[in-house]
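First up is the structure itself, then whatever we jot down about it.
Values quoted throughout were computed directly from the atomic coordinates according to the rules given, and no laboratory measurement underlies them. These figures come from a predicted structure and were not determined experimentally. Please note: Cβ atoms are built from the backbone with ideal geometry, for glycine as well, and neighbour counts cover all protein chains shown.
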Amino acid sequence: MAGDKVARTGNEAMAEAMRQINPDVVAAYPITPATEVAQLFSQFVADGKVDTEFVTVESEHSAMSACIGASAGGARAMTATASQGLALMNEMLHIASGLRLPIVMPEVNRALSAPINIHGDHSDTMASKDTGWIQINCENSQEAYDSIIQAVKICEHPDVLLPAMVSDDGFIISHCMEVIHMLSDDEAKKFIGEYKPERFLLDVDRPYTLGALDLQDYYFEHKRQEIEAMNKASKVIVEVGKEFGKKFGREYGLFEEYRMDGAELVILVMGSTAGTTKTVVRELRKNGIKAGLLKLRIFRPFPFKELSDALRGAKALAVMDRSDAFNSFGGPLFEDVRSSLYDLEKKPLITNYIYGLGGRDIGLDAIKGVYDDLKKMTETGKVEQVVNYLGVRE
């Protein structure tokens, strides 16, 4: 396992990754529970550990606006945010992706208000799922650290040139200490490489226009190019994950399959709940129950084909959403997963669990109860209730 073994919270791990990236510009505005990411990085700036231009702004909307300007000017730009901050950025998220700017943003998952809540669910990133940003979801601090470093290389790839947000669960990961393996500064710098944009606004020898009015004549074609870049991103994500694994011993893909060999009862989940689920799967396997876990890492671009291939052998599937889509049929993750399985001749019975809103804990017994429900579904051949709310006082 490559790198120094150190104890870091999720926020510290993200800030350390940013330090090693040493971006040209960081623009940030504080918001719980992501405040520490930029705060720690600002200390690196003050201590001379990076030569980043740190821009303090008056809002998250301004933070993303500054990053857009910096990136368009040829700089490697980053910011960090959570919850309402991400929501306030929403207008600018579309502009960053539409202008094909490879901005990387650590994002700490936190519930959207109202009511006001500062704890971790996925409602913030789910509300931004269709903004044209790559979305990488992390189970733990190690994954958050590794993913931010990989994200820079993914976003700056000439076939991609899109922004990315790398998310972990607020407080559960962001504020909890765990051991991670860090790369050396030289290893991180060499892996990422120097940023050499093909075109940028401050290249006075090759002036060009960026962000001009784009009406019926070319808007559609430009959006189609953006869509194709997202389609190509899946391949690049896998390639970068394999390269990272070859060099540092930790390989990453679009998702992680845990005890999926011969699995009949499967839970699909994102984020820190995957760790809890792995514990339950191990216990069930000891008792002869063919349980498995599919932990989705990349939510955008959504790996439709790869997921359907991985789930062909499952008899019953529970998709767990830590957010709700409101007035839709299930959570946002469930909708995409169910759609990806539509063309399978033999589909697993599928159900959806909305859980953990506002950071409500989910324990081993609750996860075991989901597997019990899946077992009952295989015995009866029926899904009694498609959308379920787990751990709520009805």
Order of Ile350, Ile289 - criterion: other Cβ atoms within 10 Å of each residue's Cβ, fewest first:
Ile289, Ile350
Cα gyration tensor, the range 119-201 - rounded (a/c under 1.5), prolate or oblate:
oblate
Given Lys246/Lys305; Lys153/Lys305; Lys247/Lys368; Lys232/Lys295; Lys235/Lys347, which pairs have Cα atoms separated by over 32 Å?
Lys247/Lys368
Sort out for me the Cα centre separation of the range 299-371 from the range 227-258, rounded to whole Å.
22
Where the centroid of each part is defined by its Cα atoms, how far is the range 151-173 from the range 60-76 in Å?
16
Would you please name the GluC sites (Glu not before Pro) within the range 152-210 that are DSSP coil residues with at most 13 other C-beta atoms within 10 Å of their C-beta?
Glu194, Glu198
I'd like the FRET efficiency for Phe326 and Arg199, computed as 1/(1 + (r/R0)^6) with the beta carbon distance as r and R0 of 51 Å, rounded to 0.05.
0.80
I need the chymotrypsin sites (Phe, Trp or Tyr not before Pro) found in the range 309-355, filtered to DSSP loop residues with at most 15 other beta carbons within 10 Å of theirs.
Phe326, Phe329, Tyr342
Grab the eigenvalues of the alpha-carbon gyration tensor for the range 267-394, scale each by 5, take roots, and send me the semi-axes largest first in whole angstrom.
19, 19, 15
Could you work out how far apart the two model spin labels at Lys223 and Ala114 are, taking each label as a point 7 Å from the Cα in the direction of the beta carbon, and quote it in nm?
3.3
Among the listed pairs Lys190/Lys242; Lys278/Lys375; Lys5/Lys290, which are separated by more than 27 Å between their Cα atoms?
Lys5/Lys290
Dipole magnitude of the range 1-155 about its Cα centre, charges +1 at Lys/Arg Cβ and -1 at Asp/Glu Cβ only, in debye to the nearest 20?
240
What is the local net charge at Ala27, summed over the other residues whose Cβ is closer than 12 Å to its Cβ (Lys, Arg +1; Asp, Glu -1)?
-4
Cα→Cβ-extended label distance, 7 Å offset, between Lys376 and Arg259, nm
2.1
Cα convex hull volume per residue for the range 162-270 (Å³)
229
What percentage of all Cα-Cα pairs in the range 72-231 are separated by more than 18 Å?
63
Who wins for biggest fluctuation among Asp373, Asp324, Asp365 in a Gaussian network model of the chain, springs between alpha carbons below 10 Å?
Asp365
For Lys286, counting only aspartates and glutamates whose alpha-carbon sits under 17 Å away and dropping same-chain residues fewer than eight positions off, the answer is Asp261, Glu264, Asp365, Asp372
Using DSSP to call loops (not H, G, I, E or B), can you name the GluC sites (Glu not before Pro) in the range 4-89 whose Cβ has at most 14 other Cβ atoms within 10 angstrom?
Glu58
Determine the gain in length on full extension of the stretch Val6-Arg206; use 0.36 nm per residue of separation and subtract their C-alpha separation, reporting nm with one decimal.
67.4 nm
